[in-house]
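The values are calculated or read from the model by the stated rules, or taken from the named source; none is laboratory data. Values in this document were obtained by computation on a predicted structure and should not be read as measured data. So basically every Cβ, Gly included, is an ideal-geometry build from the backbone, and we count neighbours across all protein chains shown.
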Amino acid sequence: MKKTLFSIFFLFCFLKMAHTESIQVVFNRDCEGQLVSHIVKAKKNIKVAIYSFTRFKVARALINAKNKGVKVELVVDGKQAEGEYGDKIIQLLNNNGIKPQLIFKEHGHMHHKFMIIDESITLTGSYNFSTNAAKLSDESLLIIDNKKIAQKFINEWQRLLK
């Protein structure tokens with residue numbers, strides 16, 4: 001717990017030095033609602049890197065965004081995507097024109113949990129797009145409105161595709 005609080009404090013201080021326009025932190029049951037709310041507001045593009053994705057509510061929000069003209073791109077941990085619910089989410093996204101890139105690592109996992117919206121808003125934290133995260137676990141989601149920070153996450157997202 002102390003390590004998590006220290007990490008959040010350190011990140012907060014770093015972001016303040018980066019001249020962030022706004023920072024919002026949400027916890028636990030509020031994470032999914034904030035995530036979906038930001039997806040709905042997207043105008044141009046959404047890039048996602050996610051370890052575990054089993055929430056149909058989030059998948060439907062991404063599909064709705066795509067259907068209104070937002071470019072939606074995902075990278076997902078391949079091992080997690082092979083599970084029963086992960087496979088159903090990937091199939092649903094594929095059937096609706098969103099083609100997630102599955103990342104299979106020889107050692108370890110693609111363990112990121114972030115989303116970049118319109119190249120300016122970054123959502124990141126411990127929150128996976130999973131039922132366990134939405135209903136059971138203690139989770140956090142940091143929402144950062146800063147183009148420079150968003151670009152750093154975009155660079156990492158692009159690195160994952162190499």
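Data table
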{"read-out": "Condition broken by His38, with the remaining ones in (1) assigned to a helix (DSSP H, G or I); (2) more than 23 Å from Gln151 (Cβ to Cβ); (3) not basic (Lys, Arg) satisfied", "value": "(2)"}
{"read-out": "Options Ile121, Ile98: the member that is over 14 Å from His38 (Cβ atoms) and at pLDDT 95 or above", "value": "Ile98"}
{"read-out": "Filtered residues of the range 41-58 (kept if assigned to a loop (DSSP other than H, G, I, E, B) and either in contact with a Lys or Arg (Cβ under 8 Å, 6 or more places away or on another chain) or buried (at least 18 other Cβ atoms within 10 Å of the Cβ) (or both))", "value": "Ala42, Lys44, Tyr51, Ser52, Thr54, Arg55"}
{"read-out": "Test set (1) at pLDDT 95 or above; (2) out of contact with any helix residue (DSSP H, G or I) (no Cβ under 6 Å at 6 or more places or on another chain); (3) more than 17 Å from Ile143 (Cβ to Cβ); (4) of a type in the set (A, V, I, L, M) - Val75 fails condition number", "value": "(2)"}
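Residues checked against (1) farther than 22 Å from Leu136 by Cβ; (2) touching a helix residue (DSSP H, G or I) at 6+ places or on another chain (Cβ under 7 Å); (3) at pLDDT 95 or above:
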| position | (1), (2), (3) |
| --- | --- |
| Ser52 | no, yes, no |
| Ala59 | no, yes, yes |
| Val70 | yes, no, yes |
| Gln80 | no, yes, no |
| Glu84 | no, no, no |
| Phe104 | yes, yes, no |
| Lys113 | no, no, yes |
